[in-house]
Amino acid sequence: MEQRHLGRTGLRVSRIGLGTLTWGRDVGEQDAADLLKAFWDAGGTLIDTADVYGGGDAEYLLGQLMERLVPRRDLVVATKAGSVPDPDRRFDGSRGHLLNALDASLERLRTDYVDLWQVHAFDCGTPLEETLQALDIAVSSGRARYAGISNFSGWQLAKAATWQLAAPGVRTRLASTQMEYSLLQRGVEREVLPAALDLGLGLLPSSPLGRGVLTGKYRHGTPADSRGASDGFSAFVAPYLDDAASRIVEAVSIAADGLAATPLQVALAWVRDRPGVVAPIVGARNAQQLAAALSVEALSLPDEICQALDDVSAPVHRYPDQDWSTL
């Protein structure tokens, strides 16, 4: 699998990442082992997890598998901290919480360091410089090799990245931002992606298949065995089952027919090769689903197909997002 640099750093990662959101919950040990082995065999290196996935079980399971199945040195392990199971405070970006969470993650992962440590979301209740100092401490102590952010808006990303660049050699440059990005969700193109490109952060798209909708499986209803039919994920999928999404899914399906490919391959290739994107994070339930995603490695979309998909899924850019000279 092709490798790409993560932002303006020397770290190289596979251009498709493996997500573990459902590990330890819907994905058991055997399926997780099959997924990790298949991903590694295909040349994949980037594994994305978080301390809250499965209440910590995703990290624990990954740690078990790295110890006996895949060499730790062959993987780029990315985890997150900052989300908390507290209805009154969804995010805790305090220095104390983040560093405690990192230590707990390392214990579950059975490793001395993570390759990429990410703040899971912006905490408006903590000074940003305090949150970022936790990243500096993590890197300077050797517990994390690189640092990134996740789910920051455009101004939040720009403020964080600029603060870190203001004292080179003292503060840790941000390597990446993880955000939802697909043909069904192009909101990051308004401000987040331009800021990331300008400041040198690589984008790691989550839900690159539109929460599964872009595979075409929901074109004629909701399959009984799909996440859209499950109690835990039906609300997650529902926003992408409207008429606007259906038009985009039909366009992807038409493109796939013309290329002798699958809708999954077309949708994933589109986001993988967008400017600023380093590695879409795919979440598969089993090795068969993962193999379908990894088969995109050989596909590059023709320019005319990319343009047609851009047009049918184009987000609305109005004041002040677009260039003022055109208003």
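See the values below:
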quantity: Antiparallel DSSP beta bridges within the chain, percent to nearest 5; calculated: 15
quantity: Positive-end extreme of charge dipole, the chain - chosen from Y319, A238, W163 (charges on Cβ); calculated: W163
quantity: Extension gain, E67 back to D310 (0.36 nm per residue minus Cα-Cα distance, nm); calculated: 83.2 nm
quantity: Equivalent ellipsoid dimensions for the chain as semi-axes, Å, which come from the Cα gyration tensor, largest first; calculated: 30, 25, 19
quantity: FRET E, pair D321, H220, Förster distance 30 Å, beta-carbon r, rounded to 0.05; calculated: 0.25
quantity: The chain: DSSP helices with Cα axial extent of at least 20 Å and average Kyte-Doolittle hydropathy no lower than 0.0; calculated: 243-259
quantity: Projected label distance in nm at N286 and D303, using a 7 Å step from Cα toward the beta-carbon; calculated: 4.2
quantity: Per residue accessible area in Å² of the chain, where ligands, DNA and RNA are left out and the probe is 1.4 Å; calculated: 44
quantity: Accessible area, probe 1.4 Å, largest first, for residues Y240, Y319; calculated: Y319, Y240
quantity: DSSP-defined beta bridges in the range 44-141 - what % are antiparallel, rounded to 5; calculated: 10
quantity: Exposure ranking of V278, V52 by accessible area [1.4 Å probe, largest first]; calculated: V52, V278
quantity: Model label zone, E107; criterion: amide N under 14 Å from point 7 Å along Cα-to-beta-carbon; scope the range 50-73; calculated: 56-57, 60
quantity: With every protein chain in place, the chain: carbon and sulfur % of accessible area (1.4 Å); calculated: 51
quantity: Highest average packing first - 30-38, 69-77, Cβ atoms within 10 Å; calculated: 30-38, 69-77
quantity: Cα-based equivalent ellipsoid of the range 6-159: semi-axis lengths in Å, sorted from largest, via gyration tensor; calculated: 25, 17, 14
quantity: Choice from E129, E189, E304 showing the highest fluctuation, given a GNM over the chain with Cα pairs closer than 10 Å; calculated: E304
quantity: The range 179-245-the range 105-158 distance, computed between alpha-carbon centres (Å); calculated: 24
quantity: All aspartates and glutamates inside 13 Å of K217 as judged from Cα atoms, apart from same-chain residues fewer than 8 positions distant; calculated: D225, E250
quantity: Highest to lowest packing among 200-207, 181-188, scored as the average C-beta count within 10 Å; calculated: 200-207, 181-188
quantity: Three semi-axes of the equivalent ellipsoid, the range 133-242, Cα gyration tensor, whole Å, largest first; calculated: 35, 16, 9
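The values are calculated or read from the model by the stated rules, or taken from the named source; none is laboratory data. All figures in this text were calculated on a predicted structure; none of them were measured in a lab. Note that each Cβ is placed from the backbone with ideal geometry, even for glycine, and that neighbours are counted across all protein chains shown. Only protein heavy atoms, including side chains, enter the accessible area calculation; ligands, DNA and RNA are left aside. Shrake-Rupley method; radii C 1.70, N 1.55, O 1.52, S 1.80 Å.
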